[in-house]
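Below is the structure I would like to discuss, written out as structure tokens.
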Amino acid sequence: MLYLWIGILVAAVVIEALTSDFVAIWFFPAALVSMVLSLFDLPVWLQMLVFVVVGLALVIATRPLCRKFLKPGNEKTNVDAIIGKSCIVTEEIRNIDEVGEVKVGGLCWSARSEENRVIAVGETVTVTAVQGVKLIVK
């Protein structure tokens, strides 16, 4: 049984190395505990029971924590910080002609009006959304 547990240890490490998500990490310590039990010539059924119990206990105890801290998802970018900011119109915004520009945070952005109205140069507007490289303003 010692070789079986060593094989499971190696398989768990290889699987974990090949994946980007925690898939087999919990079976490494479970196999390690079972391997130690096999050194004391304990019954095979007990070794397997300990493997299953330790593996499941680790999954139940740590998987939600791992998902919380390692969850891929909606990372805020610099563009997200622009939404809600006030900016100055530097080129008249006319949606029908697809022209318009605003300056926000020292940078000039193409802009379109949320309300489909013409917005004159010098007006202060608020960014309500970002579509591609254009700001939608109100």
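The values are calculated or read from the model by the stated rules, or taken from the named source; none is laboratory data. Being a predicted model, the structure only gives us computed values, none of them experimental. With ideal geometry, Cβ positions are generated from the backbone for all residues, glycine too; neighbour counts draw on all protein chains shown. These area figures cover heavy atoms from the full protein model, side chains too; ligands, DNA and RNA do not enter into them. Shrake-Rupley method; radii C 1.70, N 1.55, O 1.52, S 1.80 Å.
Report the residue count in region 2-28 for those that are open to solvent by less than 50 Å² (accessible area, probe 1.4 Å) and assigned to a helix (DSSP H, G or I).
Matching residues across region 2-28 total 7.
Out of Arg67, Arg63, I need the residue that is surrounded by 13 or more Cβ atoms within 10 Å (Cβ to Cβ), among the charged types (D, E, K, R), modelled with pLDDT under 95 and assigned to a helix (DSSP H, G or I). Which one?
The conditions single out Arg63.
Give me the pairs: first residue in region 22-49 and under 13 Å from Leu9 (Cβ atoms), second residue of a type in the set (Phe, Trp, Tyr) and open to solvent by less than 60 Å² (accessible area, probe 1.4 Å), beta-carbon distance under 7 Å, and six or more apart or on different chains, which are they?
Filtered contacts from region 22-49: Ala30/Phe51; Ala31/Trp5; Ala31/Phe51; Ser34/Trp5; Ser34/Phe51; Met35/Trp5; Ser38/Trp5.
Further question on the same structure: Is at least one residue of region 94-104 in contact with a Leu (Cβ under 8 Å, 6 or more places away or on another chain), charged (D, E, K, R) and surrounded by 16 or more Cβ atoms within 10 Å (Cβ to Cβ)?
no
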